[in-house]
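S.K.: Take this structure first; my questions come after.
The values are calculated or read from the model by the stated rules, or taken from the named source; none is laboratory data. Because the structure is predicted, anything quoted here is derived from the model rather than measured. Positions of Cβ are generated from backbone atoms using ideal geometry, with glycine treated the same way; all protein chains shown enter the neighbour counts. The area values use the complete protein model at the heavy-atom level, side chains included, leaving out ligands, DNA and RNA. Shrake-Rupley method; radii C 1.70, N 1.55, O 1.52, S 1.80 Å.
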Amino acid sequence: MFFQLATKSLLNRKGSVSLTIIAMSVSIFVLLGVEHIRQQTKENFQSTVSGVDLIVGARTGSLNLLLYSVFRIGAPTNNVGWDSYTHVVSDPLVKWSIPISLGDSHKGYRVVGTTQGYFTNFSYGSRKRLEFESGEPFSKIFDVVLGSEVAEKLEYSIGANILLAHGLGKTSFSLHEDKPFRVVGILAPTGTPVDQSLQVSLQGMEAIHNNQRITQTLRETPININQIEFKQFQPKTITAFMLGLTSKIASFKVQRKINNFSAEPLTAILPGVALSELWQMMKVIENTLRLVSVLILIAALLGLSAMMLASIRERRYEIYLLRVIGAPPIFLFLLMELEALLISIISIVIGTLALLTSLLVTNDLLASSYGLNINSDIITKNNFTYICTIMITTMIAAAIPSFSAYKSAKVN
Amino acid sequence: MSVYLKNVTFSYPDIPNKPIIAIETWSVSKQEKVFLHGRSGGGKSTLLNLISGILQPDVGEILVLNKNLRQMNNAERDKFRANHIGYIFQQFNLIPYLNAVENIQLAQRFTKDTSKSIGELGIKKILNTFHISNTDSIAPTGKLSIGQQQRIAIVRAMINQPEVLIADEPTSSLDEMNKNIFMSELLEMISKQNTTLIFVSHDLSLTHNFDRIDTLEEINSLKESH
């Protein structure tokens, strides 16, 4: 009966209650949305690379190097000479290395020039290795391995021929039309920028940028373009390289050595430290977003409180009648609290469903535009804590009108 | 004795020095039907609120069914009212968004004696005897006529078989026909349940239904000051 009374009382005030529910749903949508995207972005960033001890690039800030080499965000300030790369990796403390060369794209997706070591040494998440959904690593100059999203979105399969474009735009007028690449492998989804990349060999990258050399090579040895050997197109420069060391303790030693490398100004960064710097920088934005969403929620709660307070005036006969038939003041207090709680639960359900729908709809857009793989699993421990907090704060906000009802019942 | 007041004074908190009620003694016997009238704003409703324990006197004793209301705490008074006192007003007797059955069930909710509780079918049967159809029993009471609402109010007030029924101008918004129906149904119920009735009204044509007629000015010792 208590629950029925609260429900029917709310239904009797459909107009004001609906507006309050809409206001609260929007605020819950914003609060949970910001929190979920913040958390997912963090997880995405953290899981993008693992097991890499050092990232080395031309002299630049550590964040810039981390962003362009790992997250494919921004642009490098300069390239690293091939000789410098071979010198650094010849250090006995270096166990493995992954050189990367960036700058080209295919229909908006980044092309990464690298070596076969990329497929064996690169790991993400909790030390997970790259796996092939189909095909194999590139073995010829004009072979390409696609990230899962590239293959899915562009509907490519093994054997397809594709053209790479110079630059990073979705539409490019500078296509390397004379040198099509053949898809030889498609990687399994990783939830990292790898999914949105096309992997080619460094030599393939070098070849498409050196028309003269390739024409000359073909003239000298009139063979099929796929028979050109890697060694014929050794790159002169690369964008950056990742290093795996023989021991973690060696990280600082090698880092110092690279940073003091006299032949070329280089920067070596520890990915974990650079990520922490990134979070430190992002914290201000994070906290601002959080503050804004909390303020929106507070505004909605105050709206709820005002609506309930105003309803007491129009419900004075109802309150009096309940008192006359024996309802104690605490019953009226709890009735108001239950009404507020019902509004909050309905708002949470609507806000959560709206967020879930939005995530499902915008998932692709976020992944292709921002490289963010936001999953729609919003029922996390963190969000559950938020939901509980919202319910508790709703009851606190409703305490003012509830107490007013209690007081008016006592005075009557 | 059903109701007994001794040296009762009451003033509203916003005008503490001007008592609205000052009664030396006033009583109502068991099963007695008392008609109380007086001028508007004279304190009739206040007196009824004092008897039902909704208001507390500044001084004095109020005994209902030989229980001193001042010696009870708030929760005990609420319980006592739910179990022993029925109340009918001029209007707003029912929660408009609940139907008749729910309004009556709500009144049953606050009684401690669950053996008195009647189920939905039983309530509908009683409502039928008050000429409330089954369809009207489950419609929101706000959509029913005033006459129907007042008849449902009788059932709601009497459902817990209270020993005392307080009626505060219950017929003033009814037309002649509905007034007569209301009075006959009320009095029938009262006599069936041996209930004490305190009936406040300006309508002196109803006095023939009562054992005693009192005016508030007579029992209120402040009468000269008004």
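S.K.: Sequence-distant or interchain residues sharing an amide H contact under 5 Å with A:Thr239, placed H: which?
M.R.: A:Val80, A:Ile100, A:Ser101, A:Leu102
S.K.: Something else: Show the residues, 5+ positions off or on another chain, whose built amide H is closer than 5 Å to the amide H of A:Gly135.
M.R.: Placed amide hydrogens put A:Ile186 under 5 Å from A:Gly135.
S.K.: Going by average Cβ density within 10 Å per residue, which order do the peptides A:150-156, B:49-55 take, highest to lowest?
M.R.: Values: A:150-156: 17.6, B:49-55: 22.7.
For the peptides A:150-156, B:49-55, the packing ranking is B:49-55, A:150-156.
S.K.: Where does helix A:2-12 land angle-wise versus the long Cα axis of chain A, in degrees 0 to 90, nearest 10?
M.R.: Computed tilt is about 80 degrees.
S.K.: Sticking with this one: What pairs in B:Lys79/B:Lys125; B:Lys125/B:Lys179; A:Lys95/A:Lys236; B:Lys79/B:Lys124; A:Lys14/B:Lys18; A:Lys407/B:Lys18 have C-alpha atoms more than 31 Å from each other? Intermediate values should be presented prior to the final figure.
M.R.: Working: B:Lys79/B:Lys125 27 Å; B:Lys125/B:Lys179 22 Å; A:Lys95/A:Lys236 23 Å; B:Lys79/B:Lys124 25 Å; A:Lys14/B:Lys18 43 Å; A:Lys407/B:Lys18 23 Å.
Violating the 31 Å limit, Cα to Cα: A:Lys14/B:Lys18.
S.K.: Hey, another quick one. Using only the alpha-carbon atoms, how far is helix A:250-259 inclined from the longest principal axis of chain A? Give it as 0 to 90 degrees, nearest 10.
M.R.: That works out to roughly 70 degrees.
S.K.: Here's another thing I want to ask about it. In chain B, which helices (entire DSSP H runs) extend 20 Å or more along their own long axis, judged by Cα positions, while averaging at least -0.5 on the Kyte-Doolittle scale?
M.R.: On the way: long enough: B:176-193 (26 Å, -0.29).
Helices passing the filter in chain B: B:176-193.
S.K.: For chain A, calculate the relative contact order in percent as a whole number, restricting contacts to Cα pairs under 8 Å that are 6 or more residues apart.
M.R.: Values: 667 pairs, mean separation 104.5, N = 412.
With pairs under 8 Å counted, the relative contact order is 25 percent.
S.K.: If amide hydrogens are placed 1.01 Å from N in the peptide plane, which non-local residues have theirs closer than 5 Å to the one on B:Leu165?
M.R.: Amide H neighbours of B:Leu165, under 5 Å, 5+ apart: B:Gly86, B:Thr196, B:Leu197, B:Ile198.
S.K.: Give the B-A buried accessible area in Å², both sides summed, 1.4 Å probe, nearest 100. Each step should come with its number before you reach the end.
M.R.: On the way: alone 10850 and 20010 Å², together 28640 Å².
Adding both sides of the contact gives about 2200 Å².
S.K.: Karplus couplings for segment B:18-31 from phi (6.51 cos²θ - 1.76 cosθ + 1.60, θ = phi - 60°), rounded to Hz, Gly and Pro as x?
M.R.: 10, x, 9, 10, 8, 10, 6, 8, 7, 9, 10, 7, 4, 6
S.K.: If you line up the long axis of helix A:381-397 against the longest principal axis of chain A, both from Cα atoms, how many degrees apart are they, to the nearest 10?
M.R.: The two axes meet at around 30 degrees.
S.K.: Taking a probe of 1.4 angstrom, what is the accessible area of A:Tyr317 in Å², to the nearest 10?
M.R.: Only protein atoms counted, so the area is about 100 Å².
S.K.: Taking each residue in B:101-108, count the Cβ atoms of any other chain within 10 Å of its Cβ, then average. What number comes out?
M.R.: Details: counts 0, 4, 2, 1, 2, 9, 6, 3.
The per-residue average across the peptide is 3.
S.K.: Moving to a separate point now. Per residue, how much accessible area does the protein assembly as shown have with a 1.4 Å probe, in Å²?
M.R.: Values: 28640 Å² over 638 residues.
Accessible area per residue: 45 Å².
S.K.: Here's a follow-up. Straight-line reach only, C-alpha to C-alpha below 20 angstrom: list the aspartates and glutamates that B:Lys33 could link to, leaving out same-chain residues fewer than 8 apart.
M.R.: B:Glu163, B:Asp168, B:Glu169, B:Glu185, B:Glu188, B:Asp203, B:Asp211, B:Asp214, B:Glu217, B:Glu218
S.K.: What relative contact order, as a whole-number percentage, does chain B give when Cα pairs under 8 Å and 6 or more residues apart are counted?
M.R.: 30 percent.
S.K.: Quick one: P(r) of the protein assembly as shown from all Cα-Cα pairs, 10 Å bins, percents rounded to integers, in order of increasing distance.
M.R.: P(r) over the protein assembly as shown, rounded to whole percents: 3, 13, 17, 14, 9, 7, 7, 8, 8, 8, 4, 1, 0, 0.
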